[in-house]
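What follows is a short report on a single structure.
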Ligand SMILES: [Zn+2]
């Protein structure tokens, strides 16, 4: 019997119009008793309705192979921009095993911005990409009930090695989602910082702001590409005038260059992705000169 513990749907980027794609992270976790994972494969299905009626859903991927011992899986759905054509997609997972097929519940993301909120988000995205932001990558930590790493001491309730290269000291299996490109302004308006009420800033800290996506929380990491710096989010203030996050203001703490994150995380950014975001930024920098 295969059973799902959870299914997370996270918007990593809504995409700006007209050409940009949006990215939706689909992450599922199995309960631990399952054994025949080497004979299991997963399919990701998407529908505009939670009913998944016949002919009303598409199969995005059919052959994600199960691996013995691995309970957490993910898939990145790259779709046309969600901005302006705001659709709500539902996702579910279908596992094929020697004992038959097991389908997860259908889930979607939490809230959808309304048209006027989307307009603000788009304006912010534009400002960040063309004026004030610099290329960065977000590493979003998985939720706390992810599987424990082998270094985790269940009796003590904490990881035993802060330099563990598997979990990066988090104590959890596959602690971060795949890197998500974004533009961040590391020199925010003082007024914006003041309303966030972070208190006095320590010399090693920095403040920043970025747009609505990806949604980030304390403990998540941001890699500043041009300086090669990894920041940990110490504090977040989300601007939500109508209940939907349209902007993040963060207090960041630099991670020491000798920490394990530096030897594991930037390496996970595919070269092509890194080149693309830097080239795009260089190109718009030239355009800004006129
Ligand atoms: Zn570990």
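The values are calculated or read from the model by the stated rules, or taken from the named source; none is laboratory data. Only a predicted model underlies this, so the values are computations on that prediction, with no experimental measurement involved. Here Cβ is always computed from backbone atoms with ideal geometry, including for glycine, and neighbour counts include all displayed protein chains.
Among (1) surrounded by 13 or more Cβ atoms within 10 Å (Cβ to Cβ); (2) at pLDDT below 85, there is one condition residue 85 misses while meeting the rest; what is its number?
Evaluating residue 85 over (1) surrounded by 13 or more Cβ atoms within 10 Å (Cβ to Cβ); (2) at pLDDT below 85 leaves (1) as the failure.
Yes or no: residue 49 out of contact with any strand residue (DSSP E or B) (no Cβ under 9 Å at 6 or more places or on another chain) and either at positive phi or without any contact (Cβ under 8 Å) to a residue 60 or more places away in the chain (or both)?
In short, no.
What number of residues within segment 25-46 satisfy the criterion of being farther than 20 Å from residue 100 by Cα and either touching a residue at least 60 places away in the same chain (Cβ under 8 Å) or in a loop (DSSP other than H, G, I, E, B) (or both)?
So the count comes out to 3.
Could you run through segment 245-290 and say how many residues are loosely packed, with under 10 Cβ neighbours inside 10 Å and part of a strand (DSSP E or B)?
The number of residues fulfilling the criteria is 0.
Checking residue 92 against (1) assigned to a loop (DSSP other than H, G, I, E, B); (2) under 21 Å from the mean Cα position of the chain (by Cα), which test does it fail?
That leaves (1) as the condition not met.
Taking residue 229 as the residue in question, decide whether it is within 16 Å of the ligand (Cβ to nearest atom) and either more than 17 Å from the chain's Cα centre (by Cα) or surrounded by 13 or more Cβ atoms within 10 Å (Cβ to Cβ) (or both).
So residue 229 fails the test.
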